[in-house]
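Reviewing the structure listed below.
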Amino acid sequence: MQSLVNLSNHLIKPRNHASCWFVQNFNSWVKAIRNAPSPHEALGIYCQMQRQSIRFDSFSMLLTLKSCTQLKSNAVIQHLHAHILKLGFRSDLYVASALLNAHSTASLEDACVLFDEMPDKNTVTWNTMISGYLRSGDVKRARLVFEEMPLRDIASFSAMISGYVQNGNHKHALLLFRSMVMNENEGIRPDGGIAVSVLSSCARMGTHGLLLGKSVHGFVVKNHWELNVELGTTLVDMYAKCRSLKGAARVFELMQVRSVMSWTALICGSAQHGCSRAAFSLFGKMQQAGVRPSERTFTGILSACMHKGLVEEGRKYFKLMEESGMEPTIQHYGCIVHLYCKAGLLEEAYEVIKKMRHEPDIYVCESFLSACMKHKRYEMAERVAEQAMKMVKPRNDDRLYSLISDLYALGGKWDDADRVRNFMVKQNARTVKGSRFVRTDSRMLTFHLSLGNP
């Protein structure tokens with residue numbers, strides 16, 4: 001096993017604790033680990049303590065473990081594990097729990113071995129294993145551990161429900177929440193964190209989740225829970241995504257304190273429902289309230305412009321974002337390119353593509369190519385066609401390649417059209433169509449020809 005002395009040569013040496021290298025004061029060392037600004041620096045301090053033969057106790061090992069867990073390095077965790085065994089801290093439940101958590105982030109297999117060997121387990125260790133399985137996407141194993149627990153607490157249910165939500169298993173998240181509401185689980189009742197997870201699950205179900213989301217909201221009101229920023233924002237987001245913009249607006253108005261995420265949730269919801277003027281009004285009120293828009297806020301506002309084809313407004317907000325010092329992301333560029341394409345402003349759309357600080361993604365390219373087809377600007381399509389074909393293989397997006405082939409044919413580039421179709425055949429595209437266009441002496445005939453790979 002690689003020694004930490006060698007490992008430490010690759011680490012950042014602590015900048016703010018230089019005096020600790022020469023002071024043989026145990027408390028100073030422990031404080032240095034606890035206050036280290038990064039896990040790398042905490043590990044560097046730990047290595048230096050070993051070099052200077054500073055004696056460790058269970059508390060200093062606990063702090064080191066908690067800091068180094070963020071590294072998710074199996075080599076580092078294994079070394080710390082060996083050191084803990086050497087010091088005889090294996091029976092310390094706090095150290096053992098921290099070690100189990102560290103292993104669960106670096107190597108779930110090692111965490112399972114340690115968990116099975118632990119003579120004393122508590123709800124913290126059981127919950128750690130649940131979280132470890134859920135992080136790896138193994139929902140079934142997580143539920144088995146959950147069911148085997150001799151005693152569950154609120155954290156057990158919270159981990160299980162949020163794990164279901166993150167893995168897209170909304171039905172089981174809602175069923176487990178229902179069992180808590182019906183008081184079927186050792187008297188453990190849901191808290192605000194669990195309500196947030198369940199509401200997020202409802203939001204991902206779209207209109208199908210609205211009735212369930214309203215039920216959760218009713219539970220919140222019935223229990224007189226405070227409508228804090230997190231819970232309020234989640235409710236706004238749920239109602240908006242479940243196509244109840246009025247419900248989202250009502251919750252928003254009831255919130256005493258709002259964050260940028262609260263404003264953004266309602267702005268994005270308004271844009272999603274085609275209420276662009278409402279989105280613009282909210283954006284103005286947000287600025288008046290002194291709340292600085294986020295990247296996602298601008299995505300929502302540009303999306304509102306895009307859906308309604310509001311070119312001047314789109315230009316205005318895109319410029320405002322740049323003037324505020326925020327670098328546009330691929331989502332922002334995608335919105336403005338699609339807006340220009342929708343309005344037939346292909347030269348402006350292409351200028352944006354050229355100036356993008358990011359490589360344009362397939363959606364930006366496809367939006368531009370489709371606009372070239374719609375507005376019969378076949379020569380412009382050539383500027384982006386070859387770039388688009390480098391991004392995706394025909395077998396993954398045969399529709400795009402068919403579009404490019406047709407654009408070449410309509411532009412009179414028959415050799416290029418044949419080249420694209422032949423490439424599709426060689427790459428085993430799912431459906432390869434021959435050119436829809438065949439040139440005769442004075443006219444162009446249109447037809448479809450399948451070339452196999454049904």
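No value in this document is a laboratory result; all are computed from the given coordinates. Keep in mind it's a predicted model, so treat the numbers as computed, not measured. Here the Cβ is made from the backbone with ideal geometry for all residues, glycine too, and neighbour counts use every protein chain on show.
Of the chymotrypsin sites (Phe, Trp or Tyr not before Pro) found in the stretch 19-114, the ones in coil according to DSSP and having at most 15 other Cβ atoms within 10 Å of their Cβ are Phe22. For the stretch 332-386 and the stretch 248-326, write down the distance between their C-alpha centroids in whole Å. Between the Cα centres of the stretch 332-386 and the stretch 248-326 lies a distance of 24 Å. Both the radius of gyration and Dmax for the chain are 29.0, 94 Å, in that order, over alpha-carbon atoms. All other residues whose Cβ lies under 13 angstrom from that of Phe283 are scored, Lys and Arg at +1 and Asp and Glu at -1, for a net of +4. On a per residue basis, the convex hull of the C-alpha atoms belonging to the stretch 152-257 measures out at 86 Å³.
Take the chain and mark each of the GluC sites (Glu not before Pro) that is in a DSSP loop with at most 14 other Cβ atoms within 10 Å; the longest unmarked stretch, sites excluded, is 227-454. A simple spin-label model places the labels of Asp361 and Arg34 4.4 nm from each other, with each point 7 Å out along Cα-to-Cβ. Shown here are the Rg and Dmax of the Cα trace of the stretch 210-363, at 17.0, 58 Å. If you take the Cα centroid of the stretch 169-242 and the Cα centroid of the stretch 26-104, the two points sit 38 Å apart.
Counted without the sites themselves, the longest stretch of the chain free of trypsin sites (Lys or Arg not before Pro) in a DSSP loop having at most 12 other beta carbon atoms within 10 Å is 56-356.
Placing a label point 7 Å from the Cα of Lys316 along the Cα-to-Cβ direction, the residues of the stretch 333-363 whose backbone N falls under 19 Å from that point are 335-337, 339-340, 343.
Model label points for Asp418 and Leu144, set 7 angstrom from Cα along the Cα-to-Cβ axis, are 6.0 nm apart.
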